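As structure tokens, the structure follows; a few thoughts come after it.
Every number in this text was worked out from the coordinates using simple rules, so none of it is lab data. For clarity, every value in this text was computed on a predicted model and none was experimentally measured. Using ideal geometry, Cβ is built from the backbone for each residue, glycine included, and neighbour counts are taken over all protein chains shown.
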Amino acid sequence: METPTFSVVEFYYNEVPVKRKCGYCKSTNGSQRDGMWAHTLTVQDYQNLIDRGWRRSGSYCYKPANDQSCCPLYTIRCEALNFTASKSNKKIIKKMTKFLLKDDKTNNKINNKNLNVINNCDIIESEFHEHKNIISQRDDEKNNIFKNINIKNDDDDNKLLSNDKPSSSGIIKIDNNTQINNNDQDNNNKNNKKIFNPLKNDNLIKKAKLIRIERARKRLLSKGKSIEEIDEFYSKKKQKNSCKSIEELLATVVGNKNKLELKLVRVSTEEFMETLDESVALFEKYQIAIHNDPDDCDKNAFLNFLGKSPLQHYAPESGPPLGYGSFHQQYWLNDKLMAVGVIDILPSCISSVYFFYDPEYSFLSLGTYSSFVEIKLVRELNKTVPDLKYYYMGYYIHTIPKMKYKAKMKPSSLLCPETYIWCDINRCLTKLDLNKYSRFNDDDSVIDENGQLNTEDIMKVRCYYGRRRFYEDVQTIRRMTSSEINDIHEIRAYAKLVGKKCAHSMCLYLAQ
């Protein structure tokens with residue numbers, strides 16, 4: 001069956017809001033969200049949805065009601081083109097580089113207390129378990145729905161969502177001619193040396209790095225260099241090291257002990273299926289060791305959660321080399337699958353969906369390291385697609401300490417939950433320190449224009465009713481029965497949540 005070039009979603013309408021158990025603070029009645037099942041989504045519609053606070057878990061899309069939840073979830077994105085690695089970021093990259101160069105496994109003992117690391121989108125996994133019982137049912141209905149829909153797409157849809165370009169796979173080898181030298185063998189003598197500080201009249205311990213610098217200074221002085229020349233040399237060196245791009249930091253060494261290769265594979269392709277068994281085995285190992293969850297680790301669960309996507313593959317000539325859609329970025333260590341990053345490549349961003357890895361390599365901080373790799377991918381794709389320049393990291397929860405690392409990926413912004421305008425994260429964090437829920441936009445006159453729908457806007461919502469007919473708008477409701485008219489309340493709630501753009505471009509399926 002040819003994939004339709006329009007979005008079809010089924011909204012889960014509740015007149016009375018339903019509270020759920022929170023997956024973070026464990027409150028039994030503190031989490032509230034709206035949801036819908038995406039039978040199929042165009043990449044542009046999903047881009048518009050996540051810019052209104054929606055996220056997907058498999059084919060299930062949900063949006064938290066932040067003002068009514070115990071742990072508000074704020075969409076966070078990083079400006080990948082201007083990303084600068086912090087000191088802690090560089091330490092993680094250096095740790096990986098040392099492992100690849102020397103097979104250095106320092107601090108490789110797994111601490112069980114720290115295994116339950118929150119990924120970019122851990123909330124997605126809990127949503128999958130909550131809705132696992134309807135997954136197979138929805139997949140069956142999808143075929144029946146499209147079989148009975150006979151629709152002529154708009155010219156704009158055909159132009160935007162052509163699916164003619166053949167797919168291929170991309171391989172990114174982490175390998176270049178950058179070489180790391182460890183010339184300073186004086187570091188073997190790391191005994192702390194006490195010196196007298198005349199300013200504080202106290203005994204201090206010099207750091208090994210300062211000792212090395214002093215020795216280097218003495219060598220330069222003995223060669224006739226002036227103090228001014230030495231200071232200028234170290235000033236330029238420090239500036240050069242601090243301004244290294246993420247591409248330079250991720251560059252590995254020649255003749256390394258371990259070989260790391262990244263391979264970008266589109267889901268549901270033949271190449272994806274060739275490595276499916278290895279991916280499933282790694283996912284099962286990760287779920288058991290990290291989340292202590294032996295259930296729902298089989299092939300069907302993996303495919304429903306991470307292997308199937310409602311996003312339609314779209315490959316225009318001016319787009320990314322592999323097109324837009326859902327992908328697995330596979331990390332191959334010495335030809336063995338070590339980790340997998342599940343991502344969506346959208347018109348304006350790369351959206352991180354999930355990340356799982358071999359627990360044996362937990363000491364490498366792979367979850368954070370993968371963020372740098374995905375930021376680097378955004379920067380590479382931006383050379384072809386100028387509009388693709390952001391890295392979406394899922395949700396940020398200020399009250400959860402394990403989420404703090406996302407706030408350190410700068411420059412970053414949080415999505416205002418009321419105006420849906422991106423706001424600098426530094427100002428947002430100040431407000432969240434005072435209240436866990438906040439409107440980030442300081443201008444009280446700004447409103448959510450995309451969410452303001454009048455009667456005419458509501459009447460233009462695209463609907464498909466009862467598998468019998470396709471309606472271009474809701475005006476046909478005037479000819480419906482009284483029970484069918486009640487659906488107008490669902491349509492109004494749906495349109496407000498997804499916004500005017502999506503309400504007029506997506507097709508809402510109303511079950512009979």
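Quick notes on this one:
- Per-residue 3J(HN,Hα) values for segment 223-228, derived from phi via the Karplus relation 6.51 cos²θ - 1.76 cosθ + 1.60 with θ = phi - 60°, read 8, x, 6, 7, 4, 5 Hz in sequence order (x marks Gly and Pro).
- For ARG215, ARG266, the sequence from fewest to most other C-beta atoms within 10 Å is ARG215, ARG266.
- Packing-based exposure ordering (other Cβ within 10 Å, fewest first) of THR455, THR275: THR455, THR275
- Neighbour counting of Cβ atoms within 10 Å sorts the residues HIS39, HIS504, fewest neighbours leading, into HIS504, HIS39.
- Calculated FRET efficiency, LYS21 to ALA208, Cβ-Cβ distance, R0 = 41 Å: about 0.25 to the nearest 0.05.
- Distant-in-sequence amide H partners of LYS410 (H built 1.01 Å from N, under 5 Å): THR84
- Interchain or long-range residues, amide H under 5 Å from LYS225's placed H: none
- Entries of LYS263/LYS410; LYS63/LYS389; LYS299/LYS410; LYS87/LYS431; LYS21/LYS436; LYS408/LYS431 with Cα pairs more than 28 Å apart: LYS299/LYS410
- Vicinal HN-Hα couplings computed from phi for segment 497-508 (Karplus, 6.51 cos²θ - 1.76 cosθ + 1.60; Hz; Gly/Pro x): 6, 8, x, 4, 4, 6, 4, 8, 9, 8, 10, 8
- Computed extension gain for SER88 through LYS244, at 0.36 nm per residue and net of the alpha carbon distance, reaches 54.7 nm.
- Our estimate of slack between SER445 and GLU317, defined as 0.36 nm per intervening residue step minus the Cα-Cα distance, is 41.9 nm.
- Gain in span if fully extended, ASP103 to PHE363, counting 0.36 nm per residue against the direct Cα distance: 92.4 nm
- Neighbour net charge for THR28 - beta-carbon separation under 10 angstrom, K R +1, D E -1: +4
- Estimated FRET transfer efficiency (HIS291, ASP387; beta-carbon r; R0 41 Å; 0.05): 0.70
- Computed from backbone phi with θ = phi - 60° and the Karplus coefficients 6.51, -1.76 and 1.60, the 3J(HN,Hα) list for segment 345-350 is 9, 10, x, 10, 7, 9 Hz; x is used for glycine and proline.
- Amide H contacts under 5 Å for TYR354, placed H, 5+ residues apart: VAL342
- Förster radius 56 Å - calculated FRET efficiency between ARG219 and GLU271, Cβ distance, rounded to 0.05: 0.55
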